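Asker: Pasting in a structure now, in structure tokens, and then I'll have a few things to ask.
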Amino acid sequence: MLNAKMEKALNEQINKEIFSSYLYLSLAAYYETLNLSGFAAYYKVQANEEYAHAMKIYDHVHTRGGKVELEAIAKPQVEWAGALDGLKAAFEHEQFISKSIFSLVDLANELKDHSTNTFLNWFVEEQIEEEESALAVVTKLEMIGESKNSLYLFDRDMGKRAAK
């Protein structure tokens, strides 16, 4: 049976993951306005991944005898100062999500909730990948700088991302 404190924290994480999906969909829409369809496609894939993360937690709560309680989703940012600013915002958001996952691990350890702790290991590994990917695209765009030709090629490469 899931501890009430853990249940509440997992429900909060479901909300954060769904917000992440919403944020990345907003980034996709923003990149569409910049005519960066590859960036938009990349963040549409990312939005779907984040929704899948929320559903993994949702299923875990039910599997452990808990109750999922959904809260309102905050409105995401809709404008950024440019392509690089959006990528940096995504990286910062991934760092925020990592801290949240680590807090869940700490809580599971504190409550001696071994099943949730084991379950969360997947998310810890996933966040390592998420931060690495987010930082890689920031770094690449910083290297490109103002080169429109390079941005065109990078946009094309971003659009090749496939769902996991």
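Derivation of every value follows stated rules applied to the coordinates shown; laboratory data play no part. None of these values were measured; they are calculated from a predicted model. Because the Cβ atoms are built from the backbone with ideal geometry, glycine has one as well, and the counts that use them run over all protein chains shown.
Asker: For segment 71-164, state the average projected area of the convex hull of the C-alpha atoms over all orientations, rounded to one decimal in nm².
Answerer: For segment 71-164, averaging the hull's shadow over all directions gives 7.9 nm².
Asker: With axes computed from alpha carbons, what is the tilt in degrees of helix 114-144 against the longest principal axis of the chain, rounded to the nearest 10 within 0 to 90?
Answerer: 10 degrees
Asker: Let me ask something additional. Going by average Cβ neighbours within 10 Å, how do the peptides 98-107, 70-79 rank, with the highest at the top? Working shown, then result.
Answerer: Details: 98-107: 16.3, 70-79: 11.5.
Top of the packing list down: 98-107, 70-79.
Asker: Tell me, in nm to one decimal, what length is gained between residue 32 and residue 153 on full extension, where the rule is 0.36 nm per residue of separation less the Cα-Cα distance?
Answerer: On the way: separation 121, 0.36 × 121 = 43.56 nm, distance 1.60 nm.
Result for the pair: 42.0 nm of gain on full extension.
Asker: So what are the chain's ellipsoid semi-axes, whole angstrom, largest first, if each one is the square root of 5 times an eigenvalue of the alpha-carbon gyration tensor? Could you put the intermediate results ahead of the total?
Answerer: On the way: eigenvalues 220, 45, 30 Å².
Working through the eigenvalues yields semi-axes of 33, 15, 12 Å.
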